[in-house]
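The values are calculated or read from the model by the stated rules, or taken from the named source; none is laboratory data. Everything numeric here is computed off the predicted structure, so don't read it as measured data. All Cβ positions, even for glycine, are placed from backbone atoms using ideal geometry, and neighbour counts span all protein chains on display. With ligands, DNA and RNA removed, areas are computed over all heavy atoms of the protein, side chains included. Shrake-Rupley method; radii C 1.70, N 1.55, O 1.52, S 1.80 Å.
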Amino acid sequence: MGWSPNPLTDITLIVLAGVCLIPSCATLRAQSRTEPCPRPAQGSVLGEPEDLRSQNGVLNVELTVENAKQSDGSVRYCYIDQNGRESPNLRVNPGDLVILKLHNDLKEFDPDAATSNPHHMLAIAAKQPDPCTSGLMSKTSTNLHFHGLTIPPVCHQDDVLTTSIQPGDPPFEYRFRIPENQPPGLYWYHPHIHGFTKLEVLGGASGVLIVEGIERANKTVAGLPERVIVIRDQDLLNPDAPPSKSEPVVPKMLIDRDGDAANNGTGFGKPAKDLSINFVPVPYPDYPPAIIEMKPEEPQLWRVLNASGITYLNLEVLFGHTPQKLGVVALDGVPLNQSGMIGDYVDWETHLGIPPGGRVEFIVKAPPAGTPALLVTRTVDTGAGGENDPNRMIAKIKVSKDAPEPQSTLSATPKPLPPSSLPWLGSVAPVRTRKLYFSEKLLDPNNPNSATEFYLTVDGQKPEPFDPKSGPNLVAKQGTVEDWIIENRSSELHAFHIHQLHFMLIDYQGRTVNEPFLRDTVNVPYYNGRALEYPSVKLRMDFRDPNTVGDFLYHCHLLEHEDGGMMGWIRVEP
Ligand SMILES: [Cu+2]
């Protein structure tokens, strides 16, 4: 696949696999729904978000975004539908109408911060402004972004530049049609309030949107049970705990520029954030795994979203200590064979790198009875300035003949999807090449502990944090394609994402790859401070779709970078 996190030593997972395989808490189940934003206990059997399916071409859903302060001071965020279901899967077909009413029930738990926040003061002064145009950004503002969908970036559809809903506003209606040509696959929804996206997403505000029909694009997956897996990150539940005794001793923990545990280059030690899988927490230091129940040797399609705020994933499925082949059929919502060139293609890989915001859909075969099996994430080298993403367990795969099936199964007799009516992106000549670059600056260059500003700059312009009042940073024309070189001039990884469209990876680190498939989020390697050139990726950007018109955003999908200003504004003219 397009990027390959630096694997450290192989002993890492051998040690890892020895830790707390069968937590005593495994039999605990989700807490009751009477508590706001309920979460399952660690070690729980993995549940799935409930499916909400469109009916007669319409998906009607009401979501309330809520938050709840916990006894440890942390604040959970969640979407609850009209029947009390948390972060449901929105399942739609191409051409369907989505009518989604969003209630904002967010509370301010930190009044001191509220009074010191000029945006919040503005909100109080202005008294319930028009949600379409207010552009208000505060801890209690919210909106929705439908990550990966090629729908118009306008109010009530997929605008996040000025759409902002406040507590006390009447329910806000999103109403849009899933394009007939939207590739079938895994998309997602989350809030996108500049400056506060991390707060809400890290707290758990995210969910999956599935465009049905992946088995129509690739009949290899026809008839397979499908399992939605959302991996989120969150602040550490046990921040003061020493690392597990089964881990090698690591250098003293350092803090990176974002205030998170810094990458120590060992694959061990305290992570920057804890992970959860379908809300089952897998906390540091022992990483008690969730339990995935499967029938022996049963193949399933796993649809994995990395909804983390900052954590990179590098997934493996181990039988004993041996990584298994995982059959990738789609990336970022788009089947790999979308180019029409590679038939019912399956890319068999032993590890899958997923940046924050990215999705991978792959075939997993359960182990034979009696074989221990784990879903793990291996360490990711995020760079000297990056966060610590160590090796850790996520789930144990437990097989038995009468394991329950996942709630949804793909059609066994799919009607093939018609081929795309547009020429393959890789064969279209770009009208221009642009260069953009990620960079970071210490506000006080003499003080390594001073605040950092984050920039995503069009080459030739002045590096400045994103300002929603600045107007567009660049202008493109609908109907064209462009090549963008994205450089990383900082010492940590960034994940480039653009709204409203997909792109093709042409070059990675100066090497031509011409991937015959599409992405909407891509990792950009870090600068080591020594190489003669900055690391870069070259992307072919697709502005051909008539829905890709208007003002929208591109940014780093590490949300503290995005909130810190690593974002830009593109205007696509009709
Ligand atoms: Cu970044």
message: For a quick check of your reading of the model, give me the residue pairs whose first member lies in the stretch 170-182 and is in a loop (DSSP other than H, G, I, E, B), whose second is open to solvent by 60 Å² or more (accessible area, probe 1.4 Å) and small (Gly, Ala, Ser), with beta-carbon atoms closer than 7 Å and at least 6 apart or on different chains.
response: 181/420
- line: Residue pairs qualifying under the 7 Å Cβ cut-off, at least six apart or on distinct chains, with the first in the stretch 344-361 being part of a strand (DSSP E or B) and the second being at pLDDT 95 or above and polar (S, T, N, Q), are 353/314; 353/523; 354/306
message: When you check residue 103 against the structure, is it open to solvent by 50 Å² or more (accessible area, probe 1.4 Å) and at pLDDT 95 or above, yes or no?
response: yes
field: Criterion: open to solvent by 40 Å² or more (accessible area, probe 1.4 Å), under 25 Å from the mean Cα position of the chain (by Cα) and more than 16 Å from the ligand (Cβ to nearest atom) - qualifying residue of 467, 459, 444
entry: 467
Extreme residue, farthest from the ligand (Cβ to nearest atom), among residues of the stretch 470-486 that are modelled with pLDDT of 95 or more and part of a loop (DSSP other than H, G, I, E, B): 479
field: Candidate set: the stretch 432-441, residues that are more than 16 Å from the ligand (Cβ to nearest atom) and in a strand (DSSP E or B); chosen: the one least open to solvent (accessible area, probe 1.4 Å)
entry: 434
- line: Checking 476, 495, 451, 429 in turn, the sole residue that is open to solvent by less than 20 Å² (accessible area, probe 1.4 Å), more than 24 Å from the chain's Cα centre (by Cα) and of a type outside the set (Val, Ile, Thr) turns out to be 476
field: So residue 550, is it more than 13 Å from the ligand (Cβ to nearest atom) and among the small types (Gly, Ala, Ser)
entry: yes
- prompt: Does residue 395 qualify as being outside any strand (DSSP E or B) and touching a residue at least 40 places away in the same chain (Cβ under 8 Å)?
  reply: no
field: Odd one out for residue 523, checked against (1) within 12 Å of the ligand (Cβ to nearest atom); (2) part of a loop (DSSP other than H, G, I, E, B); (3) buried (at least 21 other Cβ atoms within 10 Å of the Cβ)
entry: (2)
field: Condition met for residue 503 (within 15 Å of residue 331 (Cβ to Cβ) and more than 13 Å from the ligand (Cβ to nearest atom))
entry: yes
- prompt: Do the conditions hold for residue 320, that is, is it in contact (Cβ under 8 Å) with a residue 24 or more places away in the chain and either of a type in the set (Ser, Thr, Tyr) or open to solvent by less than 10 Å² (accessible area, probe 1.4 Å) (or both)?
  reply: no
- request: Would you check if residue 421 is of a type in the set (S, T, N, Q), assigned to a loop (DSSP other than H, G, I, E, B) and crowded, with 19+ Cβ neighbours inside 10 Å?
  value: no
field: Residues located in the stretch 527-559, provided they are part of a loop (DSSP other than H, G, I, E, B) and within 21 Å of the chain's Cα centre (by Cα)
entry: 557, 558
Boolean, residue 159 is more than 14 Å from the chain's Cα centre (by Cα), charged (D, E, K, R), open to solvent by 10 Å² or more (accessible area, probe 1.4 Å) and under 23 Å from residue 571 (Cβ atoms): yes
query: Filtering the stretch 553-574 down to residues that are in contact with a helix residue (DSSP H, G or I) (Cβ under 7 Å, 6 or more places away or on another chain) and open to solvent by 10 Å² or more (accessible area, probe 1.4 Å), which residue is farthest from the ligand (Cβ to nearest atom)?
result: 563
- request: Only one of these is open to solvent by 20 Å² or more (accessible area, probe 1.4 Å), on the phi > 0 side of the Ramachandran plot and at pLDDT below 95: 223, 265, 269. Name it.
  value: 265
message: For the stretch 378-396, check the following and say yes or no: at least one residue is more than 16 Å from the ligand (Cβ to nearest atom) and surrounded by fewer than 22 Cβ atoms within 10 Å (Cβ to Cβ).
response: no
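Matching residues to (1) touching a Leu at 6+ places or on another chain (Cβ under 7 Å); (2) within 30 Å of residue 344 (Cβ to Cβ); (3) open to solvent by 40 Å² or more (accessible area, probe 1.4 Å):
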{"position": "206", "(1), (2), (3)": "no, no, no"}
{"position": "217", "(1), (2), (3)": "yes, yes, no"}
{"position": "241", "(1), (2), (3)": "no, no, no"}
{"position": "246", "(1), (2), (3)": "no, no, yes"}
- request: Looking only at the stretch 180-197, decide whether some residue is among the acidic types (Asp, Glu) and either open to solvent by less than 10 Å² (accessible area, probe 1.4 Å) or in contact with a strand residue (DSSP E or B) (Cβ under 6 Å, 6 or more places away or on another chain) (or both).
  value: no
query: Looking at this structure, is residue 408 open to solvent by less than 20 Å² (accessible area, probe 1.4 Å) and within 16 Å of the ligand (Cβ to nearest atom)?
result: no
task: Kindly indicate whether residue 489 is open to solvent by 50 Å² or more (accessible area, probe 1.4 Å), modelled with pLDDT of 95 or more and within 16 Å of the ligand (Cβ to nearest atom).
output: yes
message: So, residue 357, is that one under 20 Å from residue 182 (Cβ atoms) and at pLDDT 95 or above or not?
response: yes
